[in-house]
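Below is one structure; the comments refer to it alone.
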Amino acid sequence: RELLEPTHIGPDTPPPVDDLHIGIITTDMGTAGYSIQTCDEPMFGDNGILRNTSNSAGCEDRYNATECDHEECPWLSHSLSHPDDRRDPSNPPIWEDFACLSQIGTRGCGFEQPLEASYVALTAQSQPGQPNEGFLRPDSLLAIVYVTNEDDCSTPNGEMFNPARTDLGPLNLRCAFHEDQLYPIERYHDAFVSLRGGNEDRVVVAAIAGVPLDGTWSLGDPIERLRELRRVDPLNPDELERTCDTMGAEAWPPVRLAELVDSFGDNGILHSICRDSWADSFQPLIQRLQSRLEN
């Protein structure tokens, strides 16, 4: 809402955004066909396709972009010609629609692959004839926001999900201790920048993830120190120790997410999912977007 209706009034008040697309995906990219509890679609999962359905009370069953030239556009949109900001009393504003679509929960596939999901959503699934076609516009600023309580497990090796591979260790620990089997972070950094014509200043990446609240690690500290927090839970040798555990959330070390955020320098933002309120996490993101839009 702050993007469409800036609340700071003064000589440096940012202009309201008059052309906005918002897309939402899950981190579920399947488990290479292996049957694993919590993963309902083991082959490809949700495969980076933008969500347009909601099961939340008081929400519409289905959402589609208002300005689109094909049958179904699974994202939210706002523009001067199709405003979605309370001007039409019969049409809920885009921020209310966003609140409906973003209620995904944490009970999906336990092998989160947020980096690969966003990569596929913005590349293969955005090609002509694919479900996300039209979501990206060539002259837009690209903001990618990850909200997850676990780290990324994007891998080209389907055997990482094979329950019978005892040589790879417990399923829940494989992604943390077999980083050599995961896609390199450069795959995602370079792909996102290339989507904006090679201009890194037109990409903002944020993550609300398992950053510890006790100050043992913060963005800017060596990533290796965060990696050292990947310790096996002595009370449960099949899981890692949590980096934070509050009434609001429990979470684990977000090493790969931190690496991607860090690779974008001033355009990278990382905050803890265990905070009581995420307002302090989204405000820096909004300010960064507003400053980039001004330029």
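Taking Leu293, is it more than 29 Å from Asp180 (Cβ to Cβ), open to solvent by less than 20 Å² (accessible area, probe 1.4 Å) and modelled with pLDDT under 95? So Leu293 does not fit the description; no. Against the definition (in contact with an Asp or Glu (Cβ under 8 Å, 6 or more places away or on another chain) and in a loop (DSSP other than H, G, I, E, B)), how does Asp69 come out, yes or no? The answer is no for Asp69. Of all residues in the stretch 159-182, at least one satisfies being in contact with a Lys or Arg (Cβ under 6 Å, 6 or more places away or on another chain) and open to solvent by 50 Å² or more (accessible area, probe 1.4 Å). Residues in the stretch 161-177 that are of a type in the set (Gly, Ala, Ser) and in a helix (DSSP H, G or I): Ala176 only. If you filter the stretch 110-135 down to residues that are open to solvent by less than 40 Å² (accessible area, probe 1.4 Å) and hydrophobic (A, V, I, L, M, F, W, C), you find that the one that is modelled with the lowest pLDDT is Phe111.
Checking each residue in the stretch 15-57 for being over 18 Å from the mean Cα position of the chain (by Cα), open to solvent by 40 Å² or more (accessible area, probe 1.4 Å) and of a type in the set (S, T, N, Q) picks out Ser35, Gln37, Thr38, Asn55.
The values are calculated or read from the model by the stated rules, or taken from the named source; none is laboratory data. None of the values given here were measured: they were computed from a predicted structure. Neighbour counts are summed over all protein chains in view; Cβ atoms, including those assigned to glycine, are modelled from backbone coordinates with ideal geometry. Just so you know, the surface numbers come from the protein's heavy atoms only, side chains and all, with ligands and any DNA or RNA stripped out. Shrake-Rupley method; radii C 1.70, N 1.55, O 1.52, S 1.80 Å.
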